[in-house]
Every structure is written in structure tokens, then in C-alpha cells.
Amino acid sequence: MTPPAPELPQFYDPHAAFQRYASAWEASGVNSPAADAPGEPYCIVIPPPNVTGSLHMGHALNNTLQDVLIRYKRMDGFNAVWIPGTDHAGIATQWIVEKQLRAKGIDRRELGREKFLACVWEWKEQSGGTIVSQLKRLGVSCDWSRERFTLDEGLSAAVRENFVRLVEEGLIYRATRLINWDPVGMTAISDLEVETEENVQGELWSFAYPLSDGSGEIVVATTRPETMLGDTAIAVHPDDPRYQHLIGRTVRHPILGREIPIVGDAILVDPAFGSGAVKVTPAHDFNDHAVGKRHDLPLLTIFTLDGRVNAEGGPYEGLDRFDARTKIKADLEAMGLGRGSKLNVMTLPRSQRSGAVVEPMVSTQWFVRTKPLAEPALAAVEQGLTTFHPRQWENTYFAWLRDIQDWCISRQLWWGHRIPAWHCAACGETTVSRVDVTACGTCGSANVAQDEDVLDTWFSSALWPFSTLGWPARTPELAKWYPNAVLITGFDIIFFWVARMMMAGLHNLGSVPFHDVYIHGLVRDENGDKMSKTKGNVVDPLVAIEKHGTDAFRITLTSLAGLGRDLSWSDKHVEVWTRFQNKVWQSFRFLRMHVNEKPAPAPLGPMDRWILARAGVAVQNVRSAIDSYRFNDATAELHRFVWYELCDWYLEFSKAALYGEDEAEKAAARHTLWTVYSAVARLLHPFMPFLAEELWQNLPGSEGSVVRAPFPRPDDFPPADDTLAEVALLQETIVAVRRVRAEKEVSPRVPLQLVSQGLGALGRYHRVLDDLAKVTVCTGEKPDACATVVVEGIEGWIPLAGVLDLDKERERLAAQITKAQKSVDFLRNLLGNEGFVGKAKPELLASRRAELEGDEGRLATLTAALAALG
RNA sequence: UGGCAUGUAGCUCAGCGGCAGAGCACCGCCCUGACACGGCGGGGGUCGUGGGUUCAAAUCCCUCCGUGCCAACCA
């Protein structure tokens, strides 16, 4: 006799397990494979969280899914690595530190660039680690030895290399253009960083421009009266009879006195809208800018960089944009030029970061010529080199890339990658270089100064899948792990990030950065509302982990991650998995009561073979679910198998053996339990790693850590054999008998097939016996509707009349039979038709035959059932 | 205005040509030896609307309605 195993605690303690295993795994090096380690490559790079950030539910979901995949692939023998890191997040970070300094009464400009950057670095050092430690609390198995930061030395070199290359190829250029300006952040921003605020109640105000010759006036309407200071034309539709004769003439600016031409422009002007005449401000409106180009109008910038009226505004100089609006309106009204106003629902462009209303401004900036980069990125997805999951996101991706605009990449910030370009004060030329420049590349003058601006933070993020692997150096890591296997991210950054990584990867390395892109939804609250601080419905993942434990937290998120849907987080969902966790634990304790050493293989009974075959099916289902990113299906399959097959059936059946006298049966049950739980621990590991390890460590005879154990394969288990059908029948029988006992209606499909030998065999089982003992079994002459049973050698029957509405059942069956009959006739005709057979492909015919057989079988079953009902 | 989703049990969702499903909630019985964080049984649905295709539609096609997101326009 082996000594009894030490008893397991009554309840699983997820926090203790986390403490026990998390850092031990990291120290073991299992997460840090060498590039030349054996196994097919499988690499995921983390979407780098901002250093400003703290972990929110979106991160939790995103990283849990990555961890599920990486743990699965690691167990499956891949050389799997998950590279973590953080993003310097240019504007966002600078914004925070500036705010902190302002609170102390310090302006960054007083401080100077160098000192300010020192402050940002200091802040990054102390709080940049927060997000990392929070990630670790999720139990993620990143390779922390490869952690990167977008501003570290290697990545900065990658950024320079990419920038200089694109300049050399003519794909980056510097130009003066109308761009989106953030007057609060005081920087240019890209189109993507402009967000629109919907349904703003605004005012559409009309006023009159007097014709220069005094012969009348022309009325225009605007939501931005202050921009009239920069008007350089009035546009009308060239075919509009009201204004046609005015084209070519001028109006006089009522405030500034300028003469302004009236032009005809069919593209901008809709004669049916408003007065049919439009004021044109080419320096502060994108549409007007286009008109200006068409008609060669002067660009008149009227605002300063912080959104005040400049010297061009004459009497309004120094006024804020919005104050100027009020005053100009009032002044024009006073001059008798106001022509009424109406309410107007509009959308306001706001800066994503500062929230300021964006001001279009003419400015000199650096741009990426995106068209040539977008074409290969489009083609790669069209050709299936990269696949989105779910597929429909490819449409979004295509739409944006097909209509892509040049990308403004320079930012008037200090925190970020400074543009590697040096302007010469002597000759005015610009030198772009991978190394710092001390002399002008054109004239040789030493009077050069580096461009003051930094790059858009997404410019460095675009390189992330390969800059983290050492590019531009040709490292073993790059050779092994590029392209990455999969990118997991949210739909909100398909344009910002995914598309740009595709472009950068294809351009710099000639192949796609990843084979799959999994797009997950948004984590919402239990009412389906977006989580937001103002609503106060934000769930802090760390609080949830404290409350429920890492395992339950992770598998809950995973179970909610269906393809193409947002997730609704609620404690009710977590409860399901907390209970699942307990179910696994309690059933494992049962195993430990009966198994305290690794059992030797033994001849197996039918129930043993049944559960092993079912385990094989579950393994197959879990695998194919993960392989196709159906995370919710994977967890549902685990839940179904463990609870409804393993615990509800097998464990109950095994008691007959384990509490009985037959040593051979006991040996079979022990071996089966051990085998199945060995698989369960490994199946659970990607989802509930700490629970899985706790099982593994307490499974007698298991070796090492579950982290390094192989993920179960379907062929680890015996295939289905004839006993499976028998067992299924026994189970149906038991269910039917329980229903009879409950005096409930019995579905005719099952009890009419009751097999006496089956029940006889079942009589030996624990809880089943209990059920049967309470069933009234009759003997003697059998009525038409009954279930035949044999209990402890006595054949009898269970009457069904009285608990069945026989008339209703007959009616229902007859309807089904009519339907089935039609199906069978149809298929038979189809197969009997020579012409059809001649043309049909063999496999199609085979499937049709199979269908027919299925239908005939069903028809037969139904007919038999009807006959039994009389 | 355009595009993409989405509408299935009270709630959260799965199913996507072949007998309408799960979890939670609800009702009844049971603290039996792994588990009351449990067991057994049960009730509950015109699958948003109207048409069409099919032997057969929740599932495919069209119409409309509701909801969400993205993009564009907004003088």
C-alpha cells in the first residue's frame, strides 16, 4: 500500500497559486527561448502600451488572448516567444509631464528642451514600470529579457534608418501645406488624430459683402465668422443665374478694406444651399484651400500658433479665435451687414489628445508619400498573405489604404525621435543622415542645426514587429521570428498601427509583418455601455483580479471573446468560471482520494473507454477553436467536457468501481482518472495557468511543470468504438427513467428505444441505482406505450400512458414524417436520375447518398416511434 | 450620405440550409461519501418585419424597421 496522499485544501486559492508559480516560471527561462532553440517559430509582439498608461480592461483582454496563444504554442513544441515593451507615446506623455510642471508653475519653454526631456525621462523611469507590473499580475508569459521601449537605443536606430531610407527613396519629403494644427498642444497632427464631435449645436450666420462698385451686395453664410478676416474670394456656382454676371467682379472687405474677387467654382458650391454664395478662406479650411489652388488665390494666415488673431486681423489682433468670432459678428451687425442666422447641427474636429478644436493652418512639415507604400500593403491582404479575423475588417483596411492621404509625421514636440535632418544656415539646404551631422552635406558649412521637431509616435510603432527583433541589424532573432505569427489588437488602431506596420514591414523587409491579424472587440460594462470615467462604470482589472483571482478573470475574458463582437463584462460572467474552477478543484480532490501514485495501465471497461474517447473529441475541439481564434468556443468546450461528461457521468460511474470490490475495475478507473486529469490540466493551462499548475503538481507521478508539458493531442486517446454507442444509450436510458420518475412527459424518441440489457448493466452503478430503485417497474402484460427495463434480473416496464399526451405526440410525429418523406423522395429522385448522375461530381453524389441514408434512418426512427404510440 | 456589423428564451450570447441551444435568472425535489461554488428534474422562444429561393430557412436572397461602429459632408 502506498501512503495516503496529503489532503488538498478544501478550496483552491488562486492568489497563493499565483505567488507560487508566476515568478518561478519567469526565472525558469521557459518564456525566453533562444532564436536557435528547436521548434517552428511562433512570435507575437505585444501592442506596446503607453508608458503613461495603467492597465485597463482592453489591455487585459488583449494580453490574455495573446497569452492563451503563446502558452498553447509553447506547449505544442513551437519555438514560441512573446516580446513585450512599451511606447513612448509622444503627445500623450509630453502632455502629462507638461501638466505636472505647470502645476508647479513651470513652463517647459522656460526650462528648455534638455531639462524638460530630463524631467520626462525621470517620470518615465518611475511610472513607466507601472504598466509592466500590472501586466505581470495578469499572469502573462512574456519574454521580459527582450523587453523594449520605442525610445531605446536600438529602436531609435531603426527609426533613423527607416526615415533616411524613405528620404533617399523620395518617399519622405518636406513641404508647406495646409495641415491640422492643434492650437493647445501647439503641434501639427495627422488626419487620424483628428476626432469629430458629433451633433454640436452651432449657428449658421449670414452676412453681406458689399460689391466694390456699390451696386449691391452678396450674402454668404458661415459657422466661423472670424475666418472672414482671411477671406480672399467669394465663390458662386458658374451656372447660377443669380450670380453668373458677378463672376470676375469684386466685393470690398467691410473691415479690412481689401478687394476680394468673385469666382465661379462648380466643385465647392451647391447653388441650392444657403444663399448659393460661399466665402473662401484658403488658409484655414481644406475645401477653401482647394478652391484657392484652382483659382490661384492668396493664402492669408490670420491666426497665431496658439489660436489668436495675428497682425493680418487688424483691429482684432491678439484676440482668441472664439472671442474674435463674437466681436466680429457684433461689429458686422452694427455695420448693418448681418443677414440673420439659424441653428445648425454640425460636427467639430477636435484634437484626439488635447481636445482643442483643430485649426487648419499652412505650415512646413515632413510628410510620407503613402501611395507607393499602400499598394503592396493592399496586395498582400488581397492575396491572403495576411488574413484578418474576423474577415470583414479587411474591408475597413482596404477602404482606408485605397484612399490614403500623405502622412504628416513631424510634431512640434520634444518627447520623441528627433528628426534626423540638419538645416544649414549658410546655404539653406537640409542634410538627412543616419549619424549626427556636423557639416552641411551641400556646402560644408559647420553652421548646421538639427530640425527641432520629433516624429509622430506611430512612425516608430510601425516598425515594432521587426525593430524589436534587432532590425536594421540582421540578427538571428529577426531571421527566426519575422514575420510574426499573429497580431492581436483592437479595431480602433487598424489605421494608426496595423496598416502602417504592413506598409513598413513590406517596404523594409519585403514580407508581411504577421500572417494573421485578430481583431477583438471593446470591453463594455454589464449594460453594454462603453466604460468611461465620467460614467463611473470603469472596471479596474486589478481590482477584478484581486476579487476573483487571475485564473477566473482570464478565462472569463476569454470566454467572452467571440469573433466580431464587443464584450460585456459582468461579475455574473465571472461567477460561471469561478464555479467552474471550483468544480475542477473538487473533482480533482476526488481523484486524489483514490489515486495517490501514478497508476499503471489496466484493461479498461466501457465507461473508461467512453470518457477517454470523449476526451479525445474535446481535445480536438479545443485545438481547432484556438487554431481559428474562436476563443469563446474553446472555453465552452472545456466547460462542457469537464462538467457534463467528466464530472456528471464518468466520476459518478467510476464510484461503482472505486467503492466496489473488483480490483481490476478499480485499477481501470484509477488509470482512466489519472489519464483524463493529466489532459485536463494541460488543456486548462493556456486559460487558467495557475490552477492548471496546481493540478499538475498534485497529480501523482507528473513531471516538471505543466508549462513544459505537451498540449494534448487527439491521438493520445483511443478512437471511438462500439461501446460508445452503448454508453450513449445507457445515458439516454437513465435520463428517461429519471423523467418517468418525475412523472414528466417522456419524449418518445428515447424511451421507446430503452434497451433492457443496458439497464441491467447500469443497475450496478451508484447514483443510477438510487434512481432506479425509486422507479415503479411493472410486470405482466405490457401496454402499448411503455419502456422496457430489467432491474436486478427482473424484466419489467415503465408505463408511459398518463404522462404523455399521446394524441399530441402522434400529431407532431406525423408532421415530421411527412416532411422527412418528402425529403427522402426528393433525394431518391435526384440520385435515380441518370442525367444528374452523369453530370454530378462523385463526392457530391456521395454526400447526397449519405444525406439520403441519414434521412431514411430518421424517417425509420420516426415511423417506429409513431407505431409504438399506436 | 456611404460602408461594415448587429437584432435568437427575462438577461448575456452560441448556432448560419436538415428535430431551436448554452450560461445566468426562474420553478420543483434532494445537504447521497469530490463539490450546496453542488445534484436531479422542469417551465420559458412566430429566431426584428414583410416577401422570395428550396423537398426543407433562424440559417441563403431582397424590402423595411431598430441598434452600434467607421468614414465622408456640413458655406
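The values are calculated or read from the model by the stated rules, or taken from the named source; none is laboratory data. These numbers come from a predicted model, not from an experiment. Counting neighbours? That spans all protein chains shown, and the Cβs are built from the backbone with ideal geometry, glycine included.
Before moving on, here are some points about what is shown:
- Applying a threshold of 8 Å to beta carbon distances and a minimum spacing of six or more residues, or different chains, the list of pairs starting in the range A:267-283 at a residue that is within 15 Å of A:Ile247 (Cβ to Cβ) and more than 6 Å from RNA strand B (Cβ to nearest atom) and ending at one that is of a type in the set (S, T, N, Q) and part of a loop (DSSP other than H, G, I, E, B) reads A:Val280/A:Thr232.
- Hits in the range A:556-579 - residues which are part of a helix (DSSP H, G or I) and more than 8 Å from RNA strand B (Cβ to nearest atom): A:Thr556, A:Leu557, A:Thr558, A:Ser559, A:Asp571, A:Val574, A:Trp577
- Taken together, A:Gln365, A:Gln383 contain a single residue that is away from RNA strand B (no atom under 15 Å from the Cβ), farther than 30 Å from A:Tyr316 by Cβ and of a type in the set (S, T, N, Q), which is A:Gln383.
- Residue count, the range A:196-226 (criterion: surrounded by 15 or more Cβ atoms within 10 Å (Cβ to Cβ), away from RNA strand B (no atom under 12 Å from the Cβ) and part of a loop (DSSP other than H, G, I, E, B)): 1
- Every residue from the range A:646-684 that is acidic (Asp, Glu), assigned to a helix (DSSP H, G or I) and away from RNA strand B (no atom under 11 Å from the Cβ): A:Glu663, A:Glu665
- Residue that is in contact with a Ser or Thr (Cβ under 8 Å, 6 or more places away or on another chain) and surrounded by fewer than 24 Cβ atoms within 10 Å (Cβ to Cβ), where the choices are A:Asp516, A:Asp540: A:Asp516
- Pair list, Cβ < 7 Å and 6+ apart or interchain, from the range A:558-575 residues that are closer than 16 Å to A:Ala636 by Cβ and touching a residue at least 24 places away in the same chain (Cβ under 8 Å) to residues that are near RNA strand B (Cβ under 7 Å from one of its atoms) and among the aromatic types (Phe, Trp, Tyr): none
- A single entry from A:Glu333, A:Glu375 fulfils the requirement of being under 30 Å from A:Ser628 (Cβ atoms) and either among the charged types (D, E, K, R) or not in a strand (DSSP E or B) (or both): A:Glu375.
- With respect to the conditions (1) among the basic types (Lys, Arg); (2) in a loop (DSSP other than H, G, I, E, B); (3) surrounded by 22 or more Cβ atoms within 10 Å (Cβ to Cβ), A:Arg242 falls short on a single one, namely (3).
- Contacts under 9 angstrom Cβ, first residue in the range A:417-443 being at positive phi, partner in a loop (DSSP other than H, G, I, E, B) and hydroxyl-bearing (Ser, Thr, Tyr), 6 or more apart: A:Gly428/A:Thr442
- Residue check, A:His237 under 28 Å from A:Met346 (Cα atoms), free of Cβ contacts under 8 Å to residues at least 40 places away in the same chain and of a type outside the set (Ser, Thr, Tyr): yes
- Test: A:Pro603 is touching a Lys or Arg at 6+ places or on another chain (Cβ under 6 Å) and outside any helix (DSSP H, G or I): no
- Residue ID - farthest from A:Asp182 (Cα to Cα), chosen from residues in the range A:284-326 that are within 11 Å of RNA strand B (Cβ to nearest atom) and surrounded by fewer than 17 Cβ atoms within 10 Å (Cβ to Cβ): A:Ala290
- Filtering the range A:391-416 to residues that are in contact with a strand residue (DSSP E or B) (Cβ under 7 Å, 6 or more places away or on another chain) and near RNA strand B (Cβ under 8 Å from one of its atoms) leaves only A:Trp393.
- A:Gly444 meets the conditions (1) surrounded by 15 or more Cβ atoms within 10 Å (Cβ to Cβ); (2) more than 23 Å from A:Ala188 (Cβ to Cβ) in every case but one. The failed one is (1).
- Counting only residues that are within 22 Å of A:Ile255 (Cα to Cα) and aliphatic (A, V, I, L, M), the range A:334-360 holds 3 of them.
- Some residue of the range A:243-261 being modelled with pLDDT under 90, under 17 Å from A:Arg224 (Cβ atoms) and hydroxyl-bearing (Ser, Thr, Tyr): no
- Picking from residues in the range A:460-496 that are at pLDDT below 95 and among the aromatic types (Phe, Trp, Tyr), the one that is farthest from A:Thr150 (Cα to Cα) is A:Phe491.
- Residue pairs meeting the criteria (Cβ under 7 Å; at least 6 apart or on separate chains; first closer than 12 Å to A:Leu673 by Cβ, in the range A:588-605; second away from RNA strand B (no atom under 16 Å from the Cβ) and of a type in the set (Ser, Thr, Tyr)): A:Asn596/A:Thr2
- Elements of type helices (runs of 4 or more DSSP H) contained in the range A:68-171, each with 2 or more residues being touching a strand residue (DSSP E or B) at 6+ places or on another chain (Cβ under 7 Å): A:90-103, A:113-137, A:153-168
- Residue check, A:Trp610 of a type in the set (Phe, Trp, Tyr), within 21 Å of A:Tyr677 (Cβ to Cβ), near RNA strand B (Cβ under 10 Å from one of its atoms) and touching a residue at least 24 places away in the same chain (Cβ under 8 Å): no
- Of all residues in the range A:168-195, those satisfying the criterion of being near RNA strand B (Cβ under 9 Å from one of its atoms) and not β-branched (Val, Ile, Thr) are A:Asp191, A:Leu192, A:Glu195.
- Single unsatisfied condition, A:Met593 versus (1) within 7 Å of RNA strand B (Cβ to nearest atom); (2) within 25 Å of A:Ala634 (Cβ to Cβ); (3) at pLDDT below 95: (2)
- Odd one out for A:His671 among (1) farther than 16 Å from A:Trp577 by Cα; (2) in contact (Cβ under 8 Å) with a residue 12 or more places away in the chain; (3) within 32 Å of the chain's Cα centre (by Cα): (3)
- Any hit, the range A:533-544, residues being part of a helix (DSSP H, G or I) and within 14 Å of RNA strand B (Cβ to nearest atom): no
- Tabulated pairs, the range A:122-136, first free of Cβ contacts under 8 Å to residues at least 40 places away in the same chain, second surrounded by fewer than 15 Cβ atoms within 10 Å (Cβ to Cβ), C-beta under 8 angstrom, 6+ apart or interchain: A:Trp123/A:Gln100
- For the range A:336-371, a tally of residues being farther than 21 Å from A:Val194 by Cβ and exposed (fewer than 13 other Cβ atoms within 10 Å of the Cβ) returns 4.
- Of the criteria (1) surrounded by fewer than 16 Cβ atoms within 10 Å (Cβ to Cβ); (2) under 17 Å from A:Met361 (Cα atoms), which one A:Ala272 fails: (2)
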